1. Mean shadow of region 1-60, computed from the convex hull of its alpha carbons, in nm²?
2. On full extension of the chain, what length is gained from LEU211 through ARG147, given 0.36 nm per residue of separation minus the C-alpha to C-alpha distance?
3. With label points built 7 Å along Cα→Cβ from the Cα atoms of SER253 and ARG111, find their separation and express it in nm.
4. Among the complete DSSP H segments of the chain, which ones combine at least 30 Å of alpha-carbon extent along their axis with a mean Kyte-Doolittle hydropathy of -0.5 or more?
5. I need the Kirkwood Rh of region 144-255: take the reciprocal of the average 1/r across all distinct C-alpha pairs and report it in angstrom.
6. So how do 139-147, 185-193, 236-244 stack up, highest first, on mean other-Cβ count within 10 Å?
7. Distance in nm between label sites at GLU90 and ILE133, each 7 Å beyond Cα in the beta-carbon direction?
8. Sort 73-79, 198-204 by packing, meaning the average of other beta carbons within 10 Å per residue, with the highest value first.
Amino acid sequence: LWFMLAVYWIGVFNGFVAAALALVAANTPTPRMGRALATVQSGAHLGSTLGPVLGAVLVTLLATYQRLFFVCGAFGLLGGLLVLALVREEVAPPIEPFRLHLLRDLARCLRMPNMPVLYLLNFIFSTVFFGNISVIAIYLLELMGPRTTYLGFSLQAWVGAVNVALTVTSAAALPLWGRALDRFRPGWVLALGLLLALLCALPVPWLRNPLQLTIARAALGLLGAGIMPAVVRLIKERAPSGMDARALAFGTSLY
């Protein structure tokens, strides 16, 4: 019970990505916003990949699992201290006193043009990219069939390869997508990213082995990585005045 409550509170206070996106969106000049958002997303993707790997290594080095949580807490504290020490923010005085009304603020955001569609795209993106890990593992079981290995690698290795291929290629492609966002309209970049992601997803039901699935996921990460920074930029552009951070936070809650 206490462990469940601790994990719950970690989730409640784990707003680093939302705060980072809001900070970048509010303090970056428009001509460079695409690259800045892409950089933040690259860090998030690499962290989601390297974090479990580092955790697996630390488990073998530490005497107990409890010590791993102390290490994780120390890394979280270090991240916050680095932000306080190195990140500079242009503080603008609020136009009116801040009052937090979650449902009222959400309803106000949803009334803005195209905002419900952008939030839906945010949810679909997170589901397709990161929310189907269990489905991918089951699909790999089907592709493996009666074999215990394929090309000398076990099922567990292929599950890791599929996820690493997606996150690494998306992190590598995000700087290029960020440059495209700085040069072209974000709506066009979003449309291109959605089209390319669809083309990558169409062949998936007809794949025949784990290597093909790994290549398909790598292609999805490479060609669909521009969806998220384009959505973030469009949310910022359409957010009600003075509610940029809240509009981005609502979108990130679906991520």
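1. Numbers: hull surface 21.0 nm².
It is 5.3 nm².
2. Details: separation 64, 0.36 × 64 = 23.04 nm, distance 1.40 nm.
Here the segment from LEU211 to ARG147 would lengthen by 21.6 nm.
3. Between SER253 and ARG111, the label points sit 1.8 nm apart.
4. Working: long enough: 33-61 (41 Å, 1.04); 65-86 (32 Å, 1.75); 155-183 (42 Å, 0.78).
Span-like helices in the chain: 33-61, 65-86, 155-183.
5. Details: mean 1/r = 0.0636 Å⁻¹.
For region 144-255, inverting the mean 1/r across all distinct Cα pairs yields 15.7 Å.
6. Numbers: 139-147: 12.9, 185-193: 17.7, 236-244: 15.6.
The most tightly packed comes first, giving 185-193, 236-244, 139-147.
7. Going from the GLU90 label point to the ILE133 one covers 3.8 nm.
8. Working: 73-79: 11.3, 198-204: 13.9.
My ranking of the peptides, most packed first, is 198-204, 73-79.
The values are calculated or read from the model by the stated rules, or taken from the named source; none is laboratory data. These numbers were taken from a predicted model, which means no experiment stands behind them. Note that each Cβ is placed from the backbone with ideal geometry, even for glycine, and that neighbours are counted across all protein chains shown. Just so you know, the surface numbers come from the protein's heavy atoms only, side chains and all, with ligands and any DNA or RNA stripped out. Shrake-Rupley method; radii C 1.70, N 1.55, O 1.52, S 1.80 Å.
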